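A short worksheet on the structure shown next.
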Amino acid sequence: MELDWLLAKSGAWPYLVTFCWTFFEGETFVLIAGFLASQKHPETLTRLLDWRLLVTVAWLGSFLGDQCYFWLGRQFGPRLLRRLPRWREPVDNALGWLKRYNTGFILSFRFIYGIRNFASFAMGMSGLDWRRFLVLNFLAAGIWAVSFVSIGMIIGSVFKEVIGIETVARHFTLIVLGVLVFMFGAVYLVHRIQRRRMRLPAAAAQASPPN
């Protein structure tokens, strides 16, 4: 069963899955969906997925998911941290980034590996005004959705130009595996750089002589 035929028969399911996936996480699946949105059915020449609808559902899923995490942090934050002490370090890191960068962090936390999953929860605990978070989170979710769908479509377009649409459909599993390996390698590198940058101020503070 070929991928293009399967997607042609799937109806709204890819968009529903995208919405649910981005509610909880998202980057990997959105990249793959963006990849598919760049491809066309070899017979009908229509796109396998509508990129505008894909951006919309990814935007809404990510926005509503982080609004939910913000509410959980606001209502149950201290209680959950007592039950889940392993959350303390990433929550403290997120609060440190919020204190240091404020608006910039709210707009960009989805792109920060290791912080993204706890950021909204931490901001709910921080006393940040919920109306301000609502507006900035809506804008940030849009930036994130457009960015990752676009990256996926760019990767898909490159593959389409290099090896052709029929080969893309036929060898989709191997292509996705290659995309995932590349993405996780890039994420790992960014994570190492971020951890290094976060350790430098702490090391400098320890090395400085007491007053």
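Positive contributions from Lys and Arg (+1) and negative ones from Asp and Glu (-1), summed over other residues with Cβ under 13 Å from the Cβ of R110, come out at -2. Pair-distance distribution P(r) for region 45-99, from all Cα-Cα distances in 5 Å bins starting at 0: 4, 15, 15, 19, 13, 9, 9, 7, 5, 3, 1, 0 percent. In whole Å, how far is the Cα centre of region 49-109 from that of region 120-138? Centre-to-centre distance over Cα atoms comes out at 8 Å.
Students often check this: by mean Cβ neighbours within 10 Å, which of 110-121, 68-79 ranks highest, and how do the rest follow?
110-121, 68-79
For Y15, neighbours were defined as the other residues whose beta-carbon sits under 12 Å from its Cβ, and their charges (Lys and Arg +1, Asp and Glu -1) total 0.
Each of W97, W130, W13 was scored by other Cβ atoms within 10 Å of its Cβ. Arranged with the fewest first, they read W13, W130, W97. With a cut-off of 15 Å between beta carbons, the residues surrounding F70 carry a summed charge of +3, where Lys and Arg count +1 and Asp and Glu -1.
Where a number appears in this text, it was derived from the coordinates with a stated rule and is not lab data. Keep in mind that what you see is a predicted model, and the values were worked out from it rather than measured. Glycine also receives a Cβ, built like all others from the backbone with ideal geometry; neighbour counts cover every protein chain displayed.
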